[in-house]
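A.B. asks: Can you keep this structure in mind? I'll have questions shortly.
Quick note: the coordinates plus some simple rules give every number you see, no bench work behind them. Worth saying up front: this structure is predicted, and the values here are computed from it rather than measured. Please note: Cβ atoms are built from the backbone with ideal geometry, for glycine as well, and neighbour counts cover all protein chains shown.
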Amino acid sequence: MSLFEIKNVSKSFGDLKVLNDITVSVDKGEVVAIIGPSGSGKSTLLRCATMLETMDSGELTYHGEKAASNDADGKSVYAPASALRKIKSYYGLVFQQFNLFPHYDVLKNLCDAPIHVQKRNKTEVTKEAMSLIKKMGLEGKEHYYPQQLSGGQQQRVAIARALCMNPDILFFDEPTSALDPELTGEILKVIRQLAQEHMTMVIVTHEMAFARDVADRVIFMDGGYIVEEGRPEDVISNPTEERTKRFLARFAENG
Amino acid sequence: MSLISVIQQIASGFGATLLIFFCTLLFSMPLGVLVALGRMSKFKPLSLLIQGIISVLRGTPLMLQLIVVFYGPYYAFGIKLSTNWRLYATLIGFSINYAAYFAEIFRAGIQSIPVGQTEAATVLGYTKVQTFLKIIFPQMIKRTIPPVTNEVITLVKDTSLSFVLAYQEMFTYAKQVSAAMSSLMPLFVAGVFYYIFNLVVTIVMDRIEKALSYYN
Amino acid sequence: MMKKLAAMLLTGVMAVSLAACGGSTAASTSSNDSAAEEEVQEEPAEEADAAEAEADAATAEANDDTTFVVGFDAEYPPYGYLDEATGDYTGFDLELAQELCNRRGWTLVKQPINWDNKDAEIDSGTIDCIWNGMTYTGREADYTWSDPYVNNSIVMAVLADSDIQTLADLAGKVVITQTESSAQTALESEELADLTATFADLQKNPSYNTCFTDMQAGAVDAIAVDIGVAQYQMRNNPDKFRILEEPIAAEQYAIAFKLGNETLRDQVQETYDEMLADGTVMKIAENYADDNLPDMLITEK
């Protein structure tokens, strides 16, 4: 049984169909990279997976527990709030814009949700948060406020905040896109380290070299469809589909 | 009649002015938050209703609203008005009027907070209430302090409007002393009182703003 | 941190506002202290009024309860005004009302009102009567009235050094009066239409006090005003003003009750007549000799 599965999802904004019958499933310990041009639907897919958007139709499952399933008309029906609350604890999301809480210091950004949402023991959570801060190379910054940190540091706090919830799977929505090029390295390093620890991750990214390096599987999306999917050495190094080739070629030029 | 006794007489109305001022803030601010939330409700009829009420409260004179609140119960329902109603009607009139203004300020404050804050909170599992109270509300307060300060300063001066209900606050006393003395001097003394009061208000609001400036 | 701060803020606001509420009660009580030994002011009555409110509701007509709420414009000396020395409301009418209440065993409540709202105040029952140099002439049908007790005349006040000597000199001049005053009514009546037509402008201001300041500042040339008010102003500003000899109208003051409230009117009238008969009214009027009240008092039916 896969840890996460999103099945036959379709989603439109008005007349614009952004997701067309997409199915993705992720096993425990797997690292999946989603690539594709802007507007291809990859971010929307991630937002559907994390329930920031509701699917028009399709099913969403974590650990075999249904967050949403299709009714007789093929429309997505979401589980009751109590079930969703439990399912939400299975995953975390790291945003492109970090979205740290500016009025909380680093430590509180990490600890508040575990203590007040998961109702875990404060001392235990604080201890765990401190070790995550250390792991992210942010020792001594625990009482800094987000705006006192660089973009790279803020994103590391955001990753630590997601990890502090002890998720089974972590989603990344273009985690380095808002950063200056010289700061992307520190984030990629952190993600790479998590991959080595067999953290289950789905990463939407424009960093092709990184995707090839760290992912077990790459999904190429375009126009709301999954165009190509497979091992990174196949999809990125030897794409079979014309659209993938075009995208990667353009990327090589720009990059 | 000496300046000192003029000051004493005017000061005797200062308590009533303070009462209107603090009670109005105490009631109108929480009410303003609720009204702002209702105004932003996805339930259209509620949102439209509140929009209409705000429009009337902001679009008609506060003086008229005070008269409506005070005499309304008698003219609409034939209820005899008690003496205390003079104060209560003043407080109700001021509170709902200021709630309308605060609601729009708070709404602007809430809407200026990036949607990412709510999304981050949602993904972390905060309930809607938690998200509002812990994440949105504190940031909203910080962002709205300058316009709120404007309103609070206006309120200090608006308390004098309660003269229409003959509620005996500072300016009413000032006018009475003025009439008794056949001189405008007491009105200027009252002006000094208002100015000093607002100076204190400005300092307090400034302190609050500074206290909240530990983050951006 | 934030939570603590928020808690502190909230506590602070509440503490301050509680202190303010408490403090204001204290303030108004202490402001009474100076005057408390003499007369009952409006604030204590506010506090003790839960019972009164019920009583009010029960008695639409007669004054069964023992409070007698007199509505008055506290900017209308010498009939009702703030005595700066004591901080109490006083005046010819309020002294009469006090004596009347003493005789009937009622508690007098002096309720300052906004003169513009006097009809709403009396209709809604927040006051029992208006006793405040209220002009009876021309308003006969609007209220239930006591017998007239003061002869008033409406005069023209001008600056002492003004070149206006007679009503005819007012032609082309700017005249002001109090909004909704009997002077305004008189000037807008048919009888005075010819005179009013000669003015350059007839302005209105809610306060006679402001009218007099306007004239001193040169903004207006003359004020149409009740003689008592004019005399009070002249006393407070010696040598500043002058009254034209020829009054523009004569009228009478009476006590106004809600239309139909004859029971209360009769009670008040009965005691007033006693006070008049035994000379008490004249005695009180003599306290206001400077304002000419003894001469203006109506002593016979």
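A.B. asks: Grab the other residues whose beta carbon is less than 15 angstrom from that of residue B:116, score K and R as +1, D and E as -1, and report the net.
C.D. replies: So the environment of residue B:116 carries a net charge of -2.
A.B. asks: Filter A:88/B:44; A:7/A:86; A:17/A:245; A:7/A:108; A:86/B:42; B:157/C:258 down to the pairs with a C-alpha to C-alpha distance above 31 Å, please.
C.D. replies: A:7/A:108; B:157/C:258
A.B. asks: Counting only other chains, and only Cβ atoms inside 10 Å, what mean value do you get across the residues of A:203-214?
C.D. replies: The shielding value for this peptide is 0.
A.B. asks: Moving on to the next point. Kirkwood Rh over alpha-carbon pairs of the range B:91-216, then Stokes-Einstein at 25 °C and 0.890 mPa s: what D in µm² s⁻¹, rounded to an integer? Each step should come with its number before you reach the end.
C.D. replies: Values: Rh = 17.3 Å.
Result for D is 141 µm²/s.
A.B. asks: Once you average over the residues of B:16-25, how many Cβ atoms of partner chains fall within 10 Å of each Cβ?
C.D. replies: So the per-residue partner count for this stretch is 5.
A.B. asks: Please work out the Cα center distance from the range B:72-105 to the range A:60-111, rounded to the nearest Å.
C.D. replies: 45 Å
A.B. asks: Find the relative contact order for the range A:18-105 and round it to a whole percent, using C-alpha pairs within less than 8 Å whose residues are 6+ positions apart.
C.D. replies: About 17 percent, as a whole number.
A.B. asks: So if I average 1/r over every pair of distinct C-alpha atoms in the range A:3-109 and take the inverse, what Kirkwood radius in Å does that give?
C.D. replies: Result for the range A:3-109 stands at 15.1 Å.
A.B. asks: Connecting C-alpha atoms closer than 10 Å in a GNM of chain A, tell me which of A:101, A:171, A:220 has the biggest fluctuation.
C.D. replies: Comparing A:101, A:171, A:220 in the GNM, the peak value goes to A:101.
A.B. asks: Show that you can apply the helix-only estimate: for the protein assembly as shown, add -39,500 (n - 2.57) for every DSSP H stretch of four or more residues, divide by all residues, and state [θ] at 222 nm to the nearest 500. Working shown, then result.
C.D. replies: Details: 29 runs with 383 residues, N = 772.
One gets -16000 deg cm²/dmol as the mean residue ellipticity at 222 nm.
A.B. asks: Right, another one. Using the beta-carbon distance between residue A:250 and residue A:139 and R0 = 35 Å, what value does 1/(1 + (r/R0)^6) give for FRET efficiency, to the nearest 0.05?
C.D. replies: That pair, residue A:250 with residue A:139, gives E of 0.30.
A.B. asks: In the Gaussian network model of chain A, springs joining C-alpha atoms below 10 Å, which of A:76, A:38, A:89 carries the largest mean-square fluctuation?
C.D. replies: Maximum fluctuation in the GNM of chain A, among the listed residues, is at A:38.
A.B. asks: Further question: From the mean inverse distance of alpha carbon pairs (Kirkwood) and the Cα radius of gyration, derive Rg over Rh for chain A.
C.D. replies: Computed over Cα atoms, the ratio is 0.97.
A.B. asks: Follow-up. So what is the relative contact order for chain B, in percent, with contacts set as C-alpha pairs under 8 Å and at least six apart?
C.D. replies: Relative CO of chain B lands at 30 percent.
A.B. asks: Report the relative contact order of chain A, percent, no decimals, based on alpha-carbon pairs under 8 angstrom and at least 6 residues apart.
C.D. replies: Rounded, it is 25 percent for chain A.
A.B. asks: Roughly how many nanometres apart are two label points built 7 Å out from the Cα toward the Cβ at residue C:166 and residue B:51?
C.D. replies: Computed distance between label sites residue C:166 and residue B:51 equals 6.8 nm.
A.B. asks: For B:110-121, what's the mean count of beta carbons from other chains sitting within 10 Å of each residue's beta carbon?
C.D. replies: 4
A.B. asks: Once you compute Rg and the Kirkwood Rh from C-alpha atoms, what is the Rg to Rh ratio for the protein assembly as shown?
C.D. replies: Across the protein assembly as shown, the Cα-based Rg/Rh ratio is 1.19.
A.B. asks: Moving on to the next point. What is the log10 of I(q)/I(0) for the range B:3-212, computed with the Debye formula using one identical point scatterer on each Cα and no solvent, at q = 0.09, 0.12, 0.18 Å⁻¹?
C.D. replies: So the normalised log intensities work out to -0.44, -0.73, -1.26.
A.B. asks: So how do C:134, A:165, C:275 line up by other beta-carbon neighbours within 10 Å, fewest first?
C.D. replies: Going from least to most buried by this count: C:275, A:165, C:134.
A.B. asks: Where both residues lie in the protein assembly as shown, what percent of DSSP beta bridges are antiparallel, nearest 5? Before the final figure, lay out each step's value.
C.D. replies: Working: 47 of 79 bridges.
Taking every DSSP beta bridge within the protein assembly as shown, about 60 percent pair in antiparallel fashion.
A.B. asks: Moving to a separate point now. Could you give the nm distance between label points at residue B:37 and residue B:76, where each point is 7 Å from its Cα heading toward the beta carbon?
C.D. replies: According to this spin-label approximation, the distance is 2.5 nm.
A.B. asks: Which order results if A:60, A:3 are arranged by neighbouring Cβ count within 10 Å, fewest first?
C.D. replies: A:3, A:60
A.B. asks: Now, a different point. Distance between the C-alpha centers of the range A:140-218 and the range B:119-133? Whole Å please.
C.D. replies: That distance is 22 Å.
A.B. asks: So for the range C:111-221, considering every pair of alpha-carbon atoms, how many percent are separated by more than 25 Å? Before the final figure, lay out each step's value.
C.D. replies: Numbers: 1861 of 6105 pairs.
Looking at the range C:111-221, the distances longer than 25 Å represent 30 percent of pairs.
A.B. asks: Another question, if that's okay. So which helices of chain B fit the span-like rule, where a helix is a whole DSSP H run, its Cα atoms reach 18 Å or more along the axis, and its mean Kyte-Doolittle is at least 1.0?
C.D. replies: Working: long enough: B:14-39 (35 Å, 1.89); B:44-59 (22 Å, 1.06); B:62-77 (22 Å, 1.51); B:85-111 (38 Å, 0.61); B:137-158 (28 Å, 0.06); B:185-211 (39 Å, 1.25).
Answer set is B:14-39, B:44-59, B:62-77, B:185-211.
A.B. asks: Give me B:157, B:128, C:173 ranked fewest to most by other Cβ atoms within 10 Å of their Cβ, as a rough exposure proxy.
C.D. replies: B:128, B:157, C:173
A.B. asks: In addition: What is the distance in Å between the Cα centroid of the range B:148-199 and that of the range C:162-239?
C.D. replies: That distance is 27 Å.
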